[in-house]
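So the structure is just underneath, and the comments pick up after that.
The values are calculated or read from the model by the stated rules, or taken from the named source; none is laboratory data. A quick note: this is a predicted structure, and the numbers were derived from the prediction, not measured. Methodologically, a virtual Cβ is constructed for each residue, glycine included, from the backbone with ideal geometry; neighbour enumeration extends over all protein chains shown. Accessible surface is based on the protein model in full, side chains and every heavy atom, while ligands, DNA and RNA are left aside. Shrake-Rupley method; radii C 1.70, N 1.55, O 1.52, S 1.80 Å.
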Amino acid sequence: MCRSAMMKAIHIDKFVSNVSDLKPTTIPNPAPNFTQGLQIKITHAAVTHVDLLYARGLHQNNRRHVQPPFVLGTEYAGIVTHSSASSSFPPGTRVFGGGLGAYAEQICVPETSIRRVPSQWTNAEACAVGASGAVSYGALLSVAQLKAGETVLVLGASGGLGVMAVQIAKAVGARVIAVVGGKEKAEVVRGVGADEVVDYGQEGWEGRVRALGNGGEGVDVVYDGIGAVESGIRCLKYRGRLVVVGFAARGGKMENLKVNKILLKGVAVFGYRFGEDGRRDAQRTKDVWDGFMKLVEDGKIRPVIYNEDYWGLEAVSRALEDVRARKAWGRAVIRICEAEEDKAEQKARL
């Protein structure tokens, strides 16, 4: 049950070594102000690699503006409970968005940080997509300039970012090679459209990828959400493009890249920071969101939710541990409070 004057949250008063130590506590409910004009009852919160790093103080942002005390969690869906008379989001509107403080019963945010939940999605589904769709769309189309007919390699294809990247690439007419670990995750990525699946646990997987691209020349584009740039370069054809969006497999430690490989293969390596792009070029980020949401409207995007039931803030530590241990695929989603739309959907399934 969500409260009014006080709320439960995963409040970080000091960084932790083990995410299993995280427990909900009671803190004052946030109140909207002139810079944070919306109050939202959070119904669902997503579990991302960023949350794992934030909790342990291992993210680059922990050196600057994400310092204790803060409420953990970066992506959520919920229902607007308070807004100004001029707001585009009146009370009762279902919304999803990103912003620090998602592992809580309430959050206050500016209007620019949220979007309406598409009518065909539940709150849980919108939360599972979160910003991942826009991030992957921006990386593949705005940065890497992926074109129909090209072959793209998606590293970490079964994760929250990866399942979006696979679907976006297929939607624009590209051929997709997905790299995952294990049979269950292979089935997940095949289910969202991957043309070929390669297991990184098998020896020589990079050579197998290269053989599948352009008659053995390698792939045109690599989408790297795990921090395996050197492997990605090995898979590229001459003058291919690689875009780095994250380091989910690195545990906070970055690889040392042999830059002569960039020269020898004549490849282009791009970094894509979605949040920083938004701060520096709001129009570019708006265009990315608009492009992605058009795919949603056209029915080209399917949310992928990990099939484990995480109920309540008490389940945050377990969900984070499952993501850390690479058990989860798609996006792990925690139910904070039940949304009426989600209850209706559950009844319909019975």
Next item on the list: Report, ordered by chain and residue number, the aspartates and glutamates lying within cross-link reach of Lys41, taken as a straight Cα distance under 19 Å and ignoring same-chain residues fewer than 8 apart.
Entry: Glu75, Glu105, Glu111, Glu125, Glu314, Glu338, Glu340, Glu341, Asp342
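Would you list Tyr200, Tyr137, Tyr306, Tyr103 from the most to the least accessible area, probe 1.4 Å? Could the numbers behind the result be given before it?
Working: Tyr200 110, Tyr137 45, Tyr306 25, Tyr103 0 Å².
Of Tyr200, Tyr137, Tyr306, Tyr103, the descending order of accessible area is Tyr200, Tyr137, Tyr306, Tyr103.
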Notebook entry, point to check: By DSSP, what percent of the beta bridges with both residues in the chain are antiparallel, rounded to the nearest 5?
Noted result: 55 percent
Notebook entry, point to check: Gly160: net charge of surrounding residues, Cβ under 12 Å, Lys/Arg +1, Asp/Glu -1, itself excluded?
Noted result: -1
Notebook entry, point to check: About the Cα centre of the chain, what is the dipole size in debye to 20, counting +1 per Lys and Arg Cβ and -1 per Asp and Glu Cβ, all else neutral?
Noted result: 640 debye
Margin query: Tell me the net charge near Asn62. Cut-off is 13 Å between Cβ atoms, Asn62 excluded, with +1 for each Lys or Arg and -1 for each Asp or Glu.
Written below: +3
Notebook entry, point to check: Taking only C-alpha pairs under 8 Å that are 6+ residues apart, what is the relative contact order of segment 151-223 in percent?
Noted result: 35 percent
Next item on the list: Grab the DSSP H runs of the chain that are 4 residues or longer, score each as -39,500 (n - 2.57), total them, divide by all residues and round the 222 nm result to the nearest 500 deg cm²/dmol.
Entry: -8500 deg cm²/dmol
Next item on the list: Return the FRET efficiency for the residue pair Asp281, Glu255: r is the Cβ-Cβ distance, R0 is 41 Å, and the value is rounded to the nearest 0.05.
Entry: 0.90
Item checked: Folded to 0 to 90 degrees: helix 340-349 orientation relative to the chain principal axis, Cα -> 60 degrees
Note to self: Over all directions, how big on average is the projection of the convex hull of the alpha-carbon atoms in segment 132-260, in square nanometres?
What the structure shows: 7.3 nm²
Note to self: Relative to 2.2 N^0.38 Å, what does the C-alpha radius of gyration of segment 29-147 come to as a ratio? Two decimals please.
What the structure shows: 1.11
Checklist line | Share of Cα-Cα pairs in segment 184-327 lying beyond 27 Å, as whole percent | finding: 38 percent
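Let me spell out the model: positive unit charges on the Cβ of Lys and Arg, negative unit charges on the Cβ of Asp and Glu, origin at the Cα centre of segment 176-261. What dipole size does that give, in debye rounded to 20?
300 debye
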Note to self: I'd like to know which of Ile233, Met6, Val66 lies farthest towards the positive end of the charge dipole of the chain, counting +1 on Cβ of Lys and Arg and -1 on Cβ of Asp and Glu.
What the structure shows: Ile233
Next item on the list: Measure nothing fancy, just the Cα-based angle from helix 160-171's long axis to the longest principal axis of the chain, in degrees from 0 to 90, nearest 10.
Entry: 60 degrees
Checklist line | Per-selection Rg to Rh, the chain - Cα, Kirkwood hydrodynamic radius | finding: 0.97
Next item on the list: State the percent of C-alpha pairs, over all pairs in segment 18-96, separated by a distance greater than 21 angstrom.
Entry: 41 percent
Next item on the list: Give the distance, in whole Å, between the Cα centre of segment 118-162 and the Cα centre of segment 197-270.
Entry: 18 Å
Margin query: Please compute the length gained on full extension between Ser119 and Lys23, using 0.36 nm multiplied by the number of residues separating them and subtracting their Cα-Cα distance.
Written below: 31.2 nm
Next item on the list: Would you mind computing Rg(Cα) / (2.2 N^0.38 Å) for segment 74-125, counting N as its residues?
Entry: 1.06
Next item on the list: Anything over 27 Å Cα to Cα? Flag those among Lys185/Lys300; Lys147/Lys286; Lys147/Lys265; Lys147/Lys183; Lys294/Lys327, in the order listed.
Entry: Lys147/Lys183; Lys294/Lys327
